[in-house]
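Structure first, then comments.
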Amino acid sequence: MQVSWVRVVLDIPRQEAFDYRCEHPVQKGQRVIVPFGSRQLIGVVIELLPAPAFDPEQIRDVEQVLDDLPALSASWLALAQFASRYYQRSLGEVILPVLPNGLRKPTAYLGKRSAGGPVARADRKKRGTVAPALASPIVLNAQQQHAVQKISQSDGYAAYLLHGVTGSGKTEVYLHAALTFLQRGQQILMLVPEINLTPQLETAVRARFADIVAPDEIAVFHSGLADGERIKAWADAQRGKLKVLLGTRMAIFAPLDNPGLIIVDEEHDASYKQQEGLRYSARDLAVWRAHHAGIPLVLGSATPSLETWHHALSGRYTRLTLEQRARTRFLPDIRLVDTRKAKLNQGFEPSVLEAIRSRLERGEQSMVFLNRRGYAPVMHCAACGWVSQCPRCSVHTVLHRTPGSGYQLQCHHCGFHSRVPSICPDCGNQDLQPLGRGTQRVEEFLQEAFPAARIQRIDADSTRLKGSALRLFDEVHTGNIDILVGTQMVAKGHDFKRLGLVAVLNADSMLFSADFRAPERLFAQLLQVAGRAGRHAEGGQVLIQTGYPDHTVYQTLLNNDFPAFADDLLAERQDTGLPPFTFQALITAEAKSVQLALAFLDEIRALAASFLSGEGESEVVRLYDPVPLRILRVAHVERAQLLVESASRPALQRFLQQWLPQVQTIGQKQRMRYFIEVDPLEI
Ligand SMILES: Nc1ncnc2c1ncn2[C@@H]1O[C@H](COP(=O)(O)OP(=O)(O)OP(=O)(O)O)[C@@H](O)[C@H]1O
Ligand SMILES: [Zn+2]
């Protein structure tokens, strides 16, 4: 019997790897079921050892080598290793969580009902994907052609920023470029920021490549898939069966071994950043992956992130520009509607309502955008000033109207919900009022104002059921809707055909956020949402209600001048020493009281002093004073954070590598919950 010694990673916090003895043939990159304490776990073999690293008596046996999929390749493991190093998590905490659920649960393989394991079960499911009719490609305009040519002719790694105004036909550029690499027998990985954008793109991709890619050689990968579907897509990727994979951020970890082109659409979008567990940026990992594989990468956006814009200016990325809309001659006309002197009707300035009315009369669609779901952001008592508050979090509860169950107060942070009190809990006043408005209230008001209009609200609440977002967007696309009310879900990516008017209600709420990225985010969001108007016909109009019409964000928006805006912001960031000119990491501690969290952060900050000496000016790593989070308490837990910063990414990385093991020791001693985030998006 052939016995080998293997090093295995498991999903265990902050521990690198575990050694086992194995009596079966086994390779690096294979999954194995191993005993761990009294449990069984699935792990991945990352090394075959020539000899046991310690007393063989102490080494336990691998129970089963899972061979229903080929081993994860060396280049895939390299990606995981990079993510582990860069984001400061153990390799197991990277590898296991990115595998589909069934592939990392021993129970999926054990027992009578496992029926050959999850991959075999997923394979047996019938999925009839009919081959669509071949769509003939659109004739590209000159700038699109130029972009496609540059991308297709890349020799090895090259990063492109495809900066195209909204509606400029970036998707066509992706598809034409992709064709070149498909014809060479390579695979395409294409990322989109939102699950809801995959159906539209999947249909386009299937039709466009119907003659060279079989239906089952295209897969989508996102968190909205059922377990079996996700396993199937992953397995097909790992078996080398896929030619095109479309997905949300999680798809960046797909085990594709012969990629030819990676595309990140709407690269600026914050949803490429995972906000829990391994806090990675799929956009940044895409850059690494393309570089490692020696292939081109396209980052597309009308409003690129300042990080990407900076790289394009410095020449690290090549900028490709689409200055014109593809189907119309003009971008929509953007106007600011000054709300300071106006008498608002349920939050609407009268001329905005008029504009909606006239679009209705012309049979065109309108969209009302406000980034606030629910009925009203808070309930209050006019008599004593009481406001509805979550008992577990330091936030207001939001008033919701739930079909069938009336009104409810909900916490958007911890899920707490309660009935609406009939009298004020503080003073007994019987007249509690909703304050402000969310999408539900706007929908209700519009229905009263325009009784004949077909109104649809699209937000996280109206699309909770699987498949419902798809259905609702279909209704909009087919023209069965006159007025669309929605949150950021409706703002990005969609190519609406009949949408003439976009009205933006509460943009100002984002103007004065303490986060230094707030203006960047607001500008991007407004330009994106504005870009939904007038895509297929001239005459698109955007009305933005604001009490601060002179604010730079709005003024620059009027000219649709992203470069001017970005250049100004970059200059400001450089002056104040903020990203992309510095690099940051954030440690967040969570405790019963904020004092405990702050004390922990103070202690680890003091400890850092010993690593910080002896480096040149540019290598300096700074640690700021720990501060409580803006939303201090969530679900009874109070939070504080410590920001670490350096002008040098390598210096920051070196520092973290030395410092974090000590942080861990102190954290364990104090039983402190904390996590680290490299390149945080919000601070
Ligand atoms: N060369 C072309 N000729 C005619 N129509 C085109 C051409 N290229 C693209 N289109 C069409 O233009 C519309 C907008 O394209 P697309 O949705 O790709 O824009 P986009 O650049 O991704 O915009 P956004 O950033 O706003 O999402 C689509 O309906 C597309 O079919
Ligand atoms: Zn709460």
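Taking the criterion of being surrounded by 16 or more Cβ atoms within 10 Å (Cβ to Cβ) and either in contact (Cβ under 8 Å) with a residue 40 or more places away in the chain or within 16 Å of ligand 1 (Cβ to nearest atom) (or both), the residues of region 384-393 that qualify are TRP386, ARG392, CYS393.
The lone criterion from (1) buried (at least 17 other Cβ atoms within 10 Å of the Cβ); (2) at pLDDT 95 or above left unmet by PRO106 is number (2).
The sole residue among LEU607, LEU586, LEU596 that is over 30 Å from GLU520 (Cα atoms) and modelled with pLDDT of 95 or more is LEU596. The conditions of being at pLDDT below 95 and within 23 Å of CYS393 (Cα to Cα) are not met by ARG654.
Within this structure, GLY117 fails the test of being in contact with a strand residue (DSSP E or B) (Cβ under 8 Å, 6 or more places away or on another chain), over 24 Å from ASP236 (Cβ atoms) and touching a residue at least 40 places away in the same chain (Cβ under 8 Å). Out of region 400-425, which residues are of a type in the set (Val, Ile, Thr) and either within 16 Å of ligand 1 (Cβ to nearest atom) or not in a strand (DSSP E or B) (or both)? Answer for region 400-425, where residues must be of a type in the set (Val, Ile, Thr) and either within 16 Å of ligand 1 (Cβ to nearest atom) or not in a strand (DSSP E or B) (or both): VAL420, ILE423. Selection of first residues in region 417-444 that are without any contact (Cβ under 8 Å) to a residue 40 or more places away in the chain and of second residues that are among the aliphatic types (A, V, I, L, M), restricted to Cβ pairs under 6 Å at least 6 apart or on distinct chains, gives the following pairs, ordered by first then second residue: SER418/LEU409; GLN430/ILE423. Hey, any hits in region 445-456 for a residue that's more than 21 Å from GLN488 (Cα to Cα), more than 16 Å from ligand 2 (Cβ to nearest atom), modelled with pLDDT under 95 and not in a strand (DSSP E or B)? Scanning region 445-456 turns up no residue that is more than 21 Å from GLN488 (Cα to Cα), more than 16 Å from ligand 2 (Cβ to nearest atom), modelled with pLDDT under 95 and not in a strand (DSSP E or B). When GLY363, GLY404 are checked against the criterion of being among the small types (Gly, Ala, Ser) and assigned by TED's automatic domain parsing to the domain that holds GLY500, GLY363 stands alone in meeting it.
Annotation: of all residues in region 494-518 being closer than 14 Å to ALA270 by Cβ and not hydrophobic (A, V, I, L, M, F, W, C), the one that is modelled with the lowest pLDDT is SER513.
Scanning region 407-432 for residues that are out of contact with any strand residue (DSSP E or B) (no Cβ under 6 Å at 6 or more places or on another chain) and either more than 13 Å from ligand 2 (Cβ to nearest atom) or in the same structural domain as ILE631 (by TED's automatic domain parsing) (or both) returns ARG419, PRO421, SER422, ILE423, PRO425, ASP426, CYS427, GLY428, GLN430, ASP431.
Taking region 239-305 and the strands (runs of 3 or more DSSP E) fully enclosed by it, the elements with 3 or more residues that are without any contact (Cβ under 8 Å) to a residue 60 or more places away in the chain and under 29 Å from VAL119 (Cα atoms) are at 244-247.
From the residues in region 487-531 that are touching a residue at least 60 places away in the same chain (Cβ under 8 Å) and closer than 21 Å to ARG340 by Cβ, which one is nearest to ligand 2 (Cβ to nearest atom)? Ranking the candidates gives SER509 first.
Based on what the data block shows, is GLY436 farther than 22 Å from ASP508 by Cα, of a type outside the set (S, T, N, Q) and more than 16 Å from ligand 1 (Cβ to nearest atom)? In short, no.
Matching residues to (1) assigned to a loop (DSSP other than H, G, I, E, B); (2) within 20 Å of the chain's Cα centre (by Cα):
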residue	(1), (2)
ALA71	yes, no
ALA78	no, no
TYR86	no, yes
ARG89	yes, yes
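For region 368-399, filtered to residues that are in contact with a helix residue (DSSP H, G or I) (Cβ under 7 Å, 6 or more places away or on another chain) and not in a loop (DSSP other than H, G, I, E, B), the residue that is farthest from ligand 2 (Cβ to nearest atom) is VAL368.
With a requirement of 3 or more residues that are closer than 26 Å to HIS412 by Cβ and touching a helix residue (DSSP H, G or I) at 6+ places or on another chain (Cβ under 7 Å), the strands (runs of 3 or more DSSP E) lying completely within region 586-683 that satisfy it span 637-646. Scan region 313-324 and tell me whether some residue there is in contact with a Pro (Cβ under 8 Å, 6 or more places away or on another chain) and away from ligand 2 (no atom under 16 Å from the Cβ). For region 313-324, residues in contact with a Pro (Cβ under 8 Å, 6 or more places away or on another chain) and away from ligand 2 (no atom under 16 Å from the Cβ): absent. Test LEU299 against the criterion of being over 23 Å from the mean Cα position of the chain (by Cα) and crowded, with 21+ Cβ neighbours inside 10 Å, and give yes or no. Here the answer is no, as LEU299 does not meet what is asked.
Would you check if there is a residue in region 101-113 being of a type in the set (Ser, Thr, Tyr), outside any loop (DSSP other than H, G, I, E, B) and farther than 29 Å from ALA210 by Cβ? Yes: one or more hits. Screening GLN187, GLN183 for residues that are surrounded by 21 or more Cβ atoms within 10 Å (Cβ to Cβ) and within 25 Å of HIS292 (Cβ to Cβ) leaves exactly one candidate, GLN187.
The values are calculated or read from the model by the stated rules, or taken from the named source; none is laboratory data. Fair warning: this is a prediction, and the values are worked out from it, not measured in the lab. Neighbour counts are summed over all protein chains in view; Cβ atoms, including those assigned to glycine, are modelled from backbone coordinates with ideal geometry.
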